[in-house]
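Undergrad: Below you'll find the structure I mean.
The values are calculated or read from the model by the stated rules, or taken from the named source; none is laboratory data. Not measured: the values here are computed from a predicted model. Here the Cβ is made from the backbone with ideal geometry for all residues, glycine too, and neighbour counts use every protein chain on show.
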């Protein structure tokens, strides 16, 4: 199986798992329901295309900064990560409402995935994992 197909398959599987774990709106109880629905609706209207800057911490707690370019391509997104002085590397993303999930292969041939929550202000807050770790990292991106 080729690597690009494996990457797409990994992203699709993760997106399906995340989507199945979310509670339907009618199951959400409490006074914050209206505010959270409005927030999710606002986030769902955010256009992702553009260049983002940010950073986070990898699974071992090592801090990093990055620049990320997101380009829509029909029903998917092409994502390019630039981390420090490393060679930029590709990813492919899927969006569902306020969720954005990206599978990538970095410049060291390591496969990974980042699951972002799209915030109403357009920022992205994510958790990440790769094939070499059993822990997760974090990442926050803001439009440049």
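Undergrad: Quick one: which of 141, 124, 94 is touching a helix residue (DSSP H, G or I) at 6+ places or on another chain (Cβ under 6 Å) and at pLDDT 95 or above?
TA: Numbers: 141 fails: touching a helix residue (DSSP H, G or I) at 6+ places or on another chain (Cβ under 6 Å); 124 fails: touching a helix residue (DSSP H, G or I) at 6+ places or on another chain (Cβ under 6 Å).
Exactly one residue qualifies, and that residue is 94.
Undergrad: Name the pairs: first residue in the stretch 119-138 and closer than 17 Å to residue 44 by Cβ, second residue part of a loop (DSSP other than H, G, I, E, B) and modelled with pLDDT of 95 or more, Cβ to Cβ under 7 Å, at least 6 apart or on different chains?
TA: Qualifying pairs under 7 Å: 125/119.
Undergrad: Starting from residues that are at pLDDT below 95 and not in a loop (DSSP other than H, G, I, E, B), keep the ones in the stretch 42-58 and report whichever is surrounded by the most Cβ atoms within 10 Å (Cβ to Cβ).
TA: 43
Undergrad: Exactly one condition in (1) modelled with pLDDT under 95; (2) farther than 24 Å from residue 46 by Cα is not met by residue 88; state its number.
TA: (1)
Undergrad: Being crowded, with 17+ Cβ neighbours inside 10 Å and over 11 Å from the mean Cα position of the chain (by Cα) is the filter; apply it to the stretch 98-110 and report the residue that is nearest to residue 65 (Cα to Cα).
TA: To start, the set of residues in the stretch 98-110 that are crowded, with 17+ Cβ neighbours inside 10 Å comprises 98-106.
Of the ones still in play, those that are also over 11 Å from the mean Cα position of the chain (by Cα) are 105-106.
Details: 105: 18, 106: 15 Å.
Going through the qualifying residues, I end up with 106.
Undergrad: Going through 61, 30 one at a time, which residue ends up being modelled with pLDDT under 95 and assigned to a loop (DSSP other than H, G, I, E, B)? Let's see the steps before the verdict.
TA: On the way: 61 fails: modelled with pLDDT under 95.
The unique qualifying residue is 30.
Undergrad: Hey, another quick one. Could you grab the pairs with beta carbons closer than 6 Å, sequence gap of 6+ or different chains, first residue in the stretch 72-89 and at negative phi and assigned to a strand (DSSP E or B), second one surrounded by 10 or more Cβ atoms within 10 Å (Cβ to Cβ) and at pLDDT below 95?
TA: The qualifying pairs are 89/106; 89/107.
Undergrad: Which members of the stretch 82-97 meet the condition of being in contact with a strand residue (DSSP E or B) (Cβ under 9 Å, 6 or more places away or on another chain) and surrounded by fewer than 20 Cβ atoms within 10 Å (Cβ to Cβ)?
TA: Narrowing the stretch 82-97 to residues in contact with a strand residue (DSSP E or B) (Cβ under 9 Å, 6 or more places away or on another chain): 82-84, 88-95, 97.
Across the stretch 82-97, the qualifying residues are 82, 83, 84, 88, 89, 90, 97.
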